[in-house]
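Remarks on the structure that follows.
A short reminder: the numbers here are calculations on the coordinates, not readings from a lab. All of these numbers come straight from a predicted model, not from anything done at the bench. Using ideal geometry, Cβ is built from the backbone for each residue, glycine included, and neighbour counts are taken over all protein chains shown.
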Amino acid sequence: MLRWILVLWPSFLVAGIAEVVFFTVVNPQQLYLFGEAVEYSLIATYSIGFLAFWLVCAASSLLTLFLQQGPADVNAR
Amino acid sequence: MVEKTRSEKARVVPIKPVAPESDSLYEVRQKLHVRSVSGIFARWRWALVWITQLVFYGLPWLTWNDRQAVLFHLTERKFYIFGWVFWPQDVFYLAIILIISAYALFFFTAVAGRLWCGYACPQTVYTEMFMWIEEKIEGDHNKRRKLEEGPMNARRIGLRSAKYGAWGLLSLWTGFTFVAYFSPLEELLVAIATLSFGPWETFWILFYGAFTYIFAGLLREQVCKYMCPYARFQGVMFDPDTLVITYDEERGEPRGSRRKGADPRALGVGDCVDCGICVQVCPTGIDIRDGLQYECIGCAACIDACDQVMERMSYPPGLIRYSTENAVKKHWGSREILQHVARPRTLVYGGVLAAICIALVVGLANRTDLRMDILRDRAVLAREVGDGLIENVYRLQIMNMVEVPRTVRIGVSGLDGIRLANSEEVALPAAGTESVTVRVRAPRESGELGSNQIHFQLEVVGDASVRVREATTFLLTQ
């Protein structure tokens with residue numbers, strides 16, 4: 001449980017900040033995805049943006065947790 | 001090669017493998033069955049539950065100017081807060097509000113510890129509400145423990161389903177309310193009536209609802225212990241004069257049980273009867289008698305509980321109380337504690353807090369509700385239009401930030417004889433933007449060849465007090 005928290009929670013907090021900063025500065029109607037203007041509704045764009053930020057941040061947290069293992073953990077395998 | 005004699009033979013160092021640490025890295029959580037508590041601080045906490053939740057659940061239902069009073073309208077990219085309409089250009093105010101929140105947290109923490117955590121944090125508030133439901137359905141802490149340890153029978157399944165169901169409804173309502181801050185409530189109500197929520201509205205209602213349920217129902221104190229960054233750094237704002245929840249060790253120890261009415265001095269014991277109720281009521285499951293711990297959220301439940309025991313024993317209250325490190329050490333009364341509230345740390349936090357609050361008020365009072373962005377036309381830099389006049393073309397993006405339609409007059413200045421070649425007045429929709437193309441002409445000899453600075457002015461027709469002035473460049477060519 002605690003491992004899940006350590007991966008998902010800090011990434012959630014940072015994704016929230018990143019979302020607010022990013023979409024305050026960038027109007028989603030001016031975004032281009034693979035060369036095409038983004039056509040999703042604004043709510044969808046904000047939501048997907050947040051989930052994408054969360055995913056990226058969670059990947060970083062996961063890697064941190066993975067590298068944080070001590071020698072004993074690695075040798076035990 | 002040198003041959004070693006027997007006596008020189010290297011000593012064998014035995015290798016003892018260390019037990020792997022990985023299994024002990026995380027403690028196993030003991031589920032807490034927190035005993036409910038009454039008393040002055042419990043009443044304060046419930047008062048704050050009511051105030052914060054009346055505001056949270058109630059605000060989306062208020063109307064103002066024929067619209068939702070508080071709405072962070074994501075699709076319009078506008079924040080409506082009563083009479084104000086904030087645009088993305090106003091992010092400055094958001095930054096100020098965040099700084100104010102941070103300094104308020106610093107200030108209150110330095111003065112009286114984790115007031116926020118104990119009384120106002122959503123984690124505390126929702127846990128309080130969820131525990132109230134739990135107690136109403138499953139009974140007090142002893143009954144809940146028995147139910148937990150007892151067999152899985154129809155009664156347990158029934159009680160648990162009722163509890164989870166009630167939590168679920170409250171969570172869904174919370175999720176719905178949350179979404180109503182970002183998507184107009186009227187539309188959501190229509191969507192409820194016809195069961196036609198958009199996919200993302202549904203997602204966020206369930207998402208926020210699930211978070212409420214998991215945090216307040218299941219995780220509880222683990223959020224404070226393992227997830228909250230503030231709990232980890234609150235210690236740096238503490239000093240020996242900070243009011244924290246303190247067990248008076250000198251008065252309480254040696255702790256021990258005794259019959260009611262027995263003289264503790266004769267028995268050689270302190271005032272603590274070691275009843276353990278302070279531990280039973282603690283939402284994070286700590287023993288405050290071990291001293292200040294980072295897990296302590298400052299809810300003062302142990303103070304309420306201990307004071308009741310002291311009353312029953314006919315001892316003075318306050319064996320556990322709000323006090324400071326210095327006050328306990330130097331036996332200060334409340335007067336000396338109050339005298340030490342004003343000290344460099346609190347004065348600095350308070351001073352900065354007051355200054356930023358004033359800046360916010362002044363900023364809001366002087367906020368212009370009219371804005372203009374100037375873009376030079378990219379196709380034509382400058383062209384000759386006869387009579388020795390040079391023409392430049394601009395696109396003005398004019399934002400009317402109030403909720404009434406207005407007409408503005410455009411003016412231009414900075415060169416002798418400069419003037420607009422087209423209509424000067426523009427009608428703006430309520431809380432909307434209008435983009436206009438303007439042609440500006442000036443005599444060739446009015447400035448230097450190349451770039452000259454000029455200004456555009458906007459003035460609201462019928463209200464000369466609202467003016468905006470922005471600079472741009474005018475190109476003069478041969």
Taking every pair of Cα atoms in segment B:278-381, average 1/r, invert it to obtain the Kirkwood radius, and report Rg/Rh to two decimals.
1.37
Can you work out the base-10 log of I(q)/I(0) for the protein assembly as shown at q = 0.07 1/Å, using the Debye formula on its C-alpha atoms alone?
-0.64
In the neighbourhood of B:Asn392 defined by beta carbon distances under 11 Å, the net charge of the other residues (Lys, Arg +1; Asp, Glu -1) is +2
Counting other C-beta atoms within 10 Å, which of B:Val402, B:Val438 has the fewest, and how do the rest follow?
B:Val402, B:Val438
Order these by the 10 Å Cβ neighbour count, fewest first: B:Asp290, B:Asp239.
B:Asp290, B:Asp239
Assign unit charges at the C-beta atoms only (+1 for Lys and Arg, -1 for Asp and Glu), then state the dipole size of segment B:416-478 relative to its Cα centre in Debye, rounded to the nearest 20.
160
Residue farthest toward the positive end of the dipole of the protein assembly as shown, with Cβ of Lys/Arg at +1 and Asp/Glu at -1: which of B:Pro317, B:Cys275, B:Gly118?
B:Cys275
Here the net charge surrounding B:Thr242, from other residues whose Cβ is less than 13 Å away from its Cβ (Lys, Arg +1; Asp, Glu -1), is 0
Euclidean distance of C-alpha centroids, segment A:1-56 and segment B:371-417, integer Å
37
What is the Cα coordinate range of segment B:29-367 on the first, second and third principal axes, sorted by size from largest, in whole angstrom?
75, 61, 29
Whole-Å semi-axes of the ellipsoid equivalent to segment B:321-478 (Cα gyration tensor, √5λ, descending)
57, 19, 12
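Once you charge only the Cβ atoms, +1 for Lys and Arg and -1 for Asp and Glu, what is the size of the charge dipole of chain B about its Cα centre, to the nearest 20 debye? It would help to have the intermediate numbers written out before the result.
Working: 54 positive and 52 negative charges, 357 e Å.
Using only the charged Cβ atoms, the result is roughly 1720 debye.
Whole number please: convex hull volume per residue, Cα atoms of chain A, in Å³. Don't skip to the end; give the middle numbers.
On the way: hull volume 9.3 nm³, N = 77.
About 121 Å³ per residue, rounded to a whole number.
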Compute the separation of the alpha-carbon centres of segment B:429-470 and segment B:48-119 and state it in Å as a whole number.
36
Provide the net charge surrounding B:Phe41, with neighbours chosen by a C-beta distance below 14 Å and charges set as Lys +1, Arg +1, Asp -1, Glu -1.
+1
If you take the charge dipole of chain B about its Cα centre, with +1 on Lys and Arg Cβ and -1 on Asp and Glu Cβ, which of B:Thr437, B:Thr52, B:His33 is farthest toward its positive end?
B:His33
